[in-house]
Amino acid sequence: MGCSASMYAVGKRKKTCIPEVVVYVPSMRIPAQSDLQRPLRGLILQDLVDRLACLRNQIVLVAEDTGGSAVAELRRALEEYLPLLIGLTKKEHGLEGLVEFNWKNLEDGRLENSVANSWFELLSVIHMIAMLNLSEANSLMIPKDHSGSGIRVVSSDCKRDSVDLLLKASGCLVFCVREIMAHLPPDIKKKFSEVFQDGVLEAISIQALGQGTEIQLGLAVESQKASLSVKRRLACEQLIYFGQAYHCLSESSNTSNMHGKKHLCFIKWKFLEAKAAAYYYHGLILDKGTEPACHVTAVCCFLAADGLLSESKKACLTFCLTTPVTRSPPLWGAMKHLHQKIPEVAARKALQAPPDLPDFQLSLAPDDYLLPEIDSAWDCNKCEIQSQPLKEHPKDSEDDTETE
């Protein structure tokens, strides 16, 4: 895990420094001593037997003596060993199950597998090449600060080289899944260590593509020529890769052990970072729209990005504290920029006054109300009042006079 050179030592000895992890490297396996001479003697040319045994022993010694840190030398020896090893897998030679190949865990020296099958040896060799590529990519992304200033800069060339190594590692693992696994019988697969279980190789392969995209996004952020659309696309691609890797690994049985849990924590952390970046760049593009709904949706994206960024920080801490303990490097790439920009933009946009609403001509108007005509009864009443004789009115006064 992490840079194997900084984490693993020979046998039981462990270095006390806590390694940084930029590119995740699963627990590395190295070949252990195996007897190739006796089972192959007399069946193939002795010169061929000697070359096979010599190259494999060389890989064993270099891996044990350097703790896997001599990446270039190991990779060169493995690539020289491969063409000779392929001959043992050919059915016409009848040598497929003669040699028992031993492999052990580099971290603790524990023997993981002892399998008499040349396809298993081929699988293990190509897997080791993939892990060395991941390890070298991690080393390139963790520069040494020789100036003492505390400022560590990774050159663009190192980043591009890391992307190339990640693509090569992914290709090796895809080849293992598609071209080698089919040649191994089920009874041998049952003996495999966790790193070869279903879903694990796929997860590491896809994760490598996700980390390559993460580095590319960092380069795009540093480039003035990269458009928002390019940054959004890279962030969304990164999100898809880590989502697929998480699904593959969570479906496997590897998550029940220490390294599997650590690996799953790493992918979850990177998934949340990618999702925060994707929402942020999507929000920036939406905010350039002219419709009010675009601005409202953009604010939702910024707030979502801010929440996801907070979750990613917690996921990073969980990853670092999960055994074996590691530490994350200083912020780099796109996240160095986004850790500052996302909270700022989310806070600013959330406090902004809502945009002016469009001014429309009113479409509804009150109906005119008219009073009804006066009731005709009022006309009759008027006529009766006018026809009454005037002499009848003082009648009461006349009665009063007579009474007196």
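The values are calculated or read from the model by the stated rules, or taken from the named source; none is laboratory data. Keep in mind it's a predicted model, so treat the numbers as computed, not measured. So basically every Cβ, Gly included, is an ideal-geometry build from the backbone, and we count neighbours across all protein chains shown.
Between VAL62, VAL25, VAL49, the distinction of being among the hydrophobic types (A, V, I, L, M, F, W, C), under 24 Å from TRP269 (Cβ atoms) and modelled with pLDDT of 90 or more belongs to VAL25 only. Of all residues in the range 109-132, those that are charged (D, E, K, R) have Cβ atoms under 7 Å from Cβ atoms of residues that are part of a helix (DSSP H, G or I) and surrounded by fewer than 24 Cβ atoms within 10 Å (Cβ to Cβ), 6 or more apart or on another chain, in GLU121/LEU85.
With respect to the conditions (1) surrounded by 13 or more Cβ atoms within 10 Å (Cβ to Cβ); (2) at pLDDT below 85; (3) over 26 Å from LEU166 (Cα atoms), MET7 falls short on a single one, namely (3).
When ALA365 is tested against the conditions (1) in a loop (DSSP other than H, G, I, E, B); (2) modelled with pLDDT under 65, the lone failure is (2).
Checking each residue in the range 85-103 for being in a helix (DSSP H, G or I) and either touching a Phe, Trp or Tyr at 6+ places or on another chain (Cβ under 7 Å) or surrounded by fewer than 17 Cβ atoms within 10 Å (Cβ to Cβ) (or both) picks out ILE86, GLY87, THR89, LYS91, GLU92, HIS93. Restricting the range 309-330 to residues that are touching a residue at least 24 places away in the same chain (Cβ under 8 Å) and hydroxyl-bearing (Ser, Thr, Tyr) leaves a set whose member that is farthest from GLU214 (Cα to Cα) is THR323.
Filtering the range 330-347 to residues that are exposed (fewer than 15 other Cβ atoms within 10 Å of the Cβ) and not in a helix (DSSP H, G or I) leaves PRO330, LEU331.
Of the candidates LEU217, LEU239, the single residue that is more than 21 Å from SER124 (Cβ to Cβ) and without any contact (Cβ under 8 Å) to a residue 40 or more places away in the chain is LEU239.
Give the residues of the range 63-76 that are under 15 Å from ALA32 (Cα atoms) and buried (at least 18 other Cβ atoms within 10 Å of the Cβ), sorted by residue number. Once the filter is applied, which keeps residues that are under 15 Å from ALA32 (Cα atoms) and buried (at least 18 other Cβ atoms within 10 Å of the Cβ), the range 63-76 yields ALA63, GLU64, GLY67, GLY68, LEU74.
Filtered by the rule that a residue be polar (S, T, N, Q) and in contact with a Leu (Cβ under 8 Å, 6 or more places away or on another chain), the range 277-333 gives THR297, SER312. Listed by first and then second residue, the pairs linking a residue in the range 287-308 that is closer than 13 Å to ILE342 by Cβ to a residue that is among the aromatic types (Phe, Trp, Tyr) and part of a helix (DSSP H, G or I), with Cβ atoms under 6 Å apart and 6 or more places separating them unless they lie on different chains, are CYS301/TYR279; ALA304/TYR279; ALA305/TYR279; ALA305/TYR280.
Kindly provide the set of residues from the range 83-132 that are among the aromatic types (Phe, Trp, Tyr) and over 17 Å from VAL60 (Cβ atoms), ordered by number.
The one that is among the aromatic types (Phe, Trp, Tyr) and over 17 Å from VAL60 (Cβ atoms): TRP119.
Pairing residues of the range 181-197 that are hydroxyl-bearing (Ser, Thr, Tyr) with residues that are crowded, with 16+ Cβ neighbours inside 10 Å and not in a loop (DSSP other than H, G, I, E, B), at Cβ distances under 9 Å and at least 6 apart in sequence or on separate chains, gives SER193/ARG29; SER193/TRP103; SER193/ASN105; SER193/GLU112; SER193/ASN113.
Scanning the range 276-314 for residues that are outside any helix (DSSP H, G or I) and more than 17 Å from VAL230 (Cα to Cα) yields GLY289, THR290, GLU291.
Could we say that PHE242 is touching a Gly at 6+ places or on another chain (Cβ under 6 Å) and under 30 Å from ALA350 (Cβ atoms) here? Criteria met by PHE242.
At least 1 residues being hydroxyl-bearing (Ser, Thr, Tyr) is the threshold, and among the helices (runs of 4 or more DSSP H) wholly inside the range 104-204 those reaching it are 118-140, 156-175.
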